[in-house]
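Taken together, the values in this text are just the output of simple stated rules run on the coordinates, not laboratory data. The structure displayed is predicted, hence computed values, not measured ones. Because the Cβ atoms are built from the backbone with ideal geometry, glycine has one as well, and the counts that use them run over all protein chains shown.
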Amino acid sequence: MAAVQPAEARSLIMLGALKLPRLLPSFRTLDIYILRRFLGIYVANLISFTLIFVCVDLLSHIDDFSKRTEGFQEMLSVCATYYSAITPLIFCQILGPVVSVSAALFAVTTLQKSNELTPILATGQSYQRTFLPVITASLFVSAGVFFIQELWIPRTVSAVRETAASRGGSGVTKHVTHLDNAYQNLIAIKEYNRRERTARGIDVLPIGPRDVNQRVIRAASARWVPDVDGAGAIARGHWLLENGTVQEYDPGGRRLVLQRPDGPEGLRRLDRPFQELRLETDLIPADIELRKDENVYMTLADLRNKAEKSLDQSGWYMKYFSRFAYPLTNFILVLIGLPVIVYFGNRNIFFGAILAVVISTCYFVVNSIFQDLGIQGVIPVRLGAGLAPVFFTALGLTLYREMQT
């Protein structure tokens, strides 16, 4: 073989340098083109679905808003505050996964309808590589949903509560129970008013060891008294019980007989009345106000703390572990939806919309079943929270891998 002369070598290097940039832009341009198609449809779907939700919800509660506000301008301000606070929550809990899978399916449908997939596949590029930008974007959406849920939404709970009151919210929570591990008590509250931070019908029952005297406290009402130096902090203050009685029991469970100091000699009674009594407890208003139906406003730390103190630990731990798995729904539904729409090869965008709804519904139904089994104790809580995401991820990866050009 003849040796390559230095001049020829320089020519080859220059030729390679000229050809290489021509290959890279075509590869990157195709990815960017598909990604832009997906993101454009994603933004359009997000705006459309959000407007539909706001319009339907506003029409359902327009009378409540108008009755509790004075004038059109005030009602408009309250509505704007409420929907600006609740829209991120609706996005994370409902709209996000549906928008992701519908945008992915619509993107593929439009590519098929305009015959753009055929020349792409004719170059030897697989479906898997072609749709990689969409899969990557869905992972970023999942990460964004997690951070919005953890960092942004918990800050909006006050605004949502205040504006919810303007559309007819009662602000009363009934039948509250709290397990106080710090003071070994079970606290039961008949009614709690979140706006006034007052309670009615309070029972404090001991659950501690039997080697010391126990107290059973019953009070007609209670109110939260914030500390003077921390009136703005929810966690700083104490509960003041009003108009109640205290019953004492010895370690054997026998009720102690109390001497009435203001009564005749020998007259005794079994309970000690009080007008006001400070309750020693770790219960704070936030523990009551952040109810199970408001778990979406809680951070992971709040959920774990609530699970440790609640009697319904399975339910709260399910909420805690599901917080990690739920954002991945955006990625999982896209991973399953892409192979399905390719298999059907349909160019009708309405078919893609129906398919997106069917896939999302199947996932949510199966996930709810497994979560319910975990709460009931049929399967471990961790397994109930993660079984559906793991199963559908495995199914999606299998379908995605088996896509044939």
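Fewest-first ordering of ARG197, ARG236 by other beta carbons within 10 Å of each residue's beta carbon gives ARG236, ARG197. Phi-derived couplings, Karplus 6.51 cos²θ - 1.76 cosθ + 1.60 at θ = phi - 60°, listed residue by residue for the stretch 82-87: 5, 6, 5, 7, 8, 4 Hz, with x used for Gly and Pro.
Binning all Cα-Cα separations of the stretch 93-163 at 5 Å, short to long from zero, yields these whole-percent fractions: 3, 13, 17, 18, 13, 11, 8, 6, 5, 4, 2, 1. Taking amide H positions as modeled 1.01 Å from N, with prolines and chain starts lacking one, no residue 5 or more places away or on another chain lies under 5 Å from MET298.
Residue by residue, the stretch 195-205 carries 3J(HN,Hα) couplings of 6, 8, 6, 10, 9, 10, x, 9, 10, 10, 10 Hz when phi is fed to the Karplus relation 6.51 cos²θ - 1.76 cosθ + 1.60 (θ = phi - 60°); x denotes Gly or Pro. Applied to the stretch 134-151, the Karplus parametrisation 6.51 cos²θ - 1.76 cosθ + 1.60 on θ = phi - 60° returns per-residue 3J(HN,Hα) values of 5, 4, 5, 5, 5, 5, 5, 4, 4, 5, x, 4, 4, 6, 5, 5, 8, 9 Hz, with x for Gly and Pro. If R0 equals 22 Å, the separation of the Cβ atoms of ARG254 and THR281 corresponds to a calculated FRET efficiency of about 0.30. Sorting VAL381, VAL56 from the fewest to the most surrounding beta carbons within 10 angstrom yields VAL56, VAL381. Under 5 Å between amide hydrogens, built in the peptide plane, is the criterion, and for THR198 it picks out ASN193 among residues at least 5 positions away or on other chains.
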